[in-house]
Amino acid sequence: MTVDWNGQALHVDVIETPLNGLYFNPATHRIRAQRTHDPKRDAELEADPYSAASQDYLKHLLQASPADPNRRDPEFDDLLESLKEFGQNDPGLITHQGVLVNGNTRAAALRESGAQSMRVGVLPESFTWADVNSVELSLQLRKDHRREYSYINRLLAMEEQAALGRTPELIAKEFRIRTETYRQERWILGVIYELIERSRDPEHGTALRLIDFEHHQEKLKELYRAYDKMKAIDPDRADVLKELRLAAITLEFAKTDVRLIEDGTEFRKRYLDSELPAGFAAADPADASVSIPGLGISVAGTSDAVAAARGLTDQILRAKAGRGATGVLSDDQSRAASQSYEQVKRAFDTALETAGRNARLKKRKQMAPGRLADASASIDLCVADLVQARSSRSLDEEAFDDAVLKLRDSLRKLAKQAGRGLQNPGDGVTWLLDATAPGGIR
């Protein structure tokens, strides 16, 4: 078989080998994020990746849903049925020592189907792990792969390529995305790492995991665009927007709800502060200055509004991390974290509902003026088209005349509705009423 290795075609021999002689790859990008699902088993995997217990954990993750490793992935069952019915079509790929580079999921399915062997290509003995990872990515990022990497695992694969010293342009090309998209993805992964660290309880060690952000891809991308746009205008307001949207994302609100936080400062003052439980209303730091080591001076640090929003998000992150840590925290502690999480989620729910209602009302208020503005723009274009048609003597005068009559009827309907209930109409409505009155537009 031929594989792509750093842009070169590499030909390797394919053999039939017993399945019990192959090892699942602990470094495969397919389940990199999912490894943190069980911290204890992940630690054992890190210490001895080829032990029976570690290999069993890898097999479990390969069969599980990327977003929830407690559930079996339907796509794995589809692959299992396909292998049972049609057998193995394409060979996998292994290192010289028998570690699977490509075909980890297929190997797990073949074992479950009762197969005894698997066809695999064998990489040269001289290959380093950097070479192995490069080959894995080239195979998995093809358009014809069976099962895509999960979103977080794609981000981790990009990070790994950056750690190898590859430029953003080369990485973007390999992942078939634009360079700007690559920078967006790296920013998102950085935010996820930051949120995990901020959710950590130093006393008990509880923290969120990479897989907790698996379903938030679109929300995080929209956050990046909104934050980047506002940061150029007002960095502080951009940071407040970022924090409150991250809080809503952590609370599992839908994308359409998160969008309602258009201005974080306004959203908090108008809708959220009055709804927050007492324990979450905490807020501004006593000292927002930052001292510069060695100089003996202080400069202004994070603004109060940003610090308050950040503090609120930190509380939500720790509450979410604690509510699912039943094996680490006591029942009372886990229950208290769950109650805090639900309380602040109800507060956000009420605030978002009010914000949504006001946004819909505002949209209705702006709909009629907006349509008139569009109509005015269309008429301006019509003027240019009319001049061009007359100059080329291509105007259909009868069709134009019919269109003008239709415009007259539309303006009369508009005037009838615009004049209702107005004691002192403005200049625009006054002109419309005069123009459509008898003796005006005929």
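The values are calculated or read from the model by the stated rules, or taken from the named source; none is laboratory data. This structure is a prediction, so every number in the text was calculated from the model and none was measured. As a convention, Cβ positions derive from the backbone with ideal geometry for all residues, glycine included, and neighbour counts pool all protein chains shown. Just so you know, the surface numbers come from the protein's heavy atoms only, side chains and all, with ligands and any DNA or RNA stripped out. Shrake-Rupley method; radii C 1.70, N 1.55, O 1.52, S 1.80 Å.
Looking at this model, which pairs from Lys362/Lys413; Lys219/Lys269; Lys269/Lys320; Lys255/Lys406 are more than 30 angstrom apart at the alpha-carbon? Don't skip to the end; give the middle numbers.
On the way: Lys362/Lys413 24 Å; Lys219/Lys269 23 Å; Lys269/Lys320 24 Å; Lys255/Lys406 42 Å.
The pairs that break the limit, which is 30 Å between Cα atoms, are Lys255/Lys406.
Sort the following peptides by mean Cβ neighbour count (other Cβ atoms within 10 Å, averaged over residues), highest first: 33-40, 81-88.
Output ranking for 33-40, 81-88: 33-40, 81-88.
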task: Take the alpha-carbon centre of segment 406-442, take the same for segment 300-343, and report the distance between them in whole Å.
output: 58
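Sorted by accessible area (1.4 Å probe), largest first, how do Ser126, Ser54, Ser303 line up? If you can, show how the numbers build up before the last one.
Details: Ser126 95, Ser54 5, Ser303 30 Å².
Of Ser126, Ser54, Ser303, the descending order of accessible area is Ser126, Ser303, Ser54.
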statement: the chain, Gaussian network, Cα under 10 Å: of Ala351, Ala403, Ala130, the residue fluctuating most is Ala403
- line: Between Phe127 and Arg390, the FRET efficiency computed from the C-beta separation at R0 = 51 Å comes out, to the nearest 0.05, as 0.10
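Order 431-437, 329-335, 312-318, 363-369 from most to least packed using the mean count of other Cβ atoms within 10 Å.
Values: 431-437: 15.3, 329-335: 13.7, 312-318: 21.1, 363-369: 10.1.
Packing proxy ranking, top to bottom: 312-318, 431-437, 329-335, 363-369.
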- request: Quote the relative contact order of segment 17-110 in percent (integer), defining contacts as alpha-carbon pairs under 8 Å separated by 6+ residues.
  value: 32
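Ignoring ligands, DNA and RNA, what percent of the accessible area of segment 308-442 is carbon or sulfur (1.4 Å)?
On the way: 4920 of 9470 Å².
Carbon and sulfur together cover 52 percent of it.
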- line: In degrees, nearest 10, the alpha-carbon axis of helix 52-63 is tilted away from the dominant principal axis of the alpha carbons of the chain by 30
field: the chain: most fluctuating residue of Asp273, Asp349, Asp374 per GNM, C-alpha cutoff 10 Å
entry: Asp374
task: Calculate, for Val14 and Arg72, the FRET efficiency according to 1/(1 + (r/R0)^6) with r their C-beta to C-beta distance and R0 25 Å; round to the nearest 0.05.
output: 0.25
- prompt: Of the heavy-atom accessible surface of segment 1-144 (probe 1.4 angstrom), what whole percent is carbon and sulfur?
  reply: 48
query: What is the distance, in nm, between label points placed 7 Å from the Cα along the Cα-to-Cβ direction at Leu405 and at Gln116?
result: 8.9
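Taking R0 as 45 Å, what's the FRET efficiency between Ala336 and Met1 from their Cβ-Cβ distance, rounded to 0.05? Kindly include the intermediate steps, with their values, before the conclusion.
Working: r = 56 Å, r/R0 = 1.25.
Calculated transfer efficiency: 0.20.
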Relative contact order, percent, the chain [alpha-carbon distance under 8 Å, six or more residues apart]: 11
query: Given the C-alpha centroids of segment 59-97 and segment 181-199, what is the distance between them in whole angstrom?
result: 29
task: Starting from the amide H of Ser117, placed 1.01 Å from N in the peptide plane, find each other amide H under 5 Å away whose residue is 5 or more places distant or on another chain.
output: Leu19
query: With the chain treated as a Gaussian network of Cα nodes joined by springs under 10 Å, which of Leu61, Leu386, Leu414 yields the largest mean-square fluctuation?
result: Leu414
- request: Please report how far the C-alpha centroid of segment 10-24 lies from that of segment 346-402, rounded to the nearest whole angstrom.
  value: 64
- prompt: With θ set to phi - 60° and the Karplus curve 6.51 cos²θ - 1.76 cosθ + 1.60, what are the ³J(HN,Hα) couplings of segment 406-417 in order, to the nearest whole Hz, using x for Gly and Pro?
  reply: 5, 4, 4, 5, 5, 5, 5, 4, 5, 5, 4, 7
statement: Taking the dipole of the chain about the Cα centre (Lys, Arg +1; Asp, Glu -1; charges at Cβ), the one of Leu62, Asn102, Ala321 that reaches farthest to the positive side is Ala321
task: Provide the per-residue ³J(HN,Hα) series for segment 253-263, in order, calculated from phi with Karplus coefficients 6.51, -1.76, 1.60 and θ = phi - 60°, each as a whole number of Hz, with x at glycine and proline positions.
output: 6, 5, 4, 5, 6, 4, 4, 5, 7, 7, 9
task: Identify the residues of segment 352-393 with backbone N under 16 Å of a label point that sits 7 angstrom from the Cα of Glu266 along the Cα-to-Cβ direction, or state none.
output: 352-367
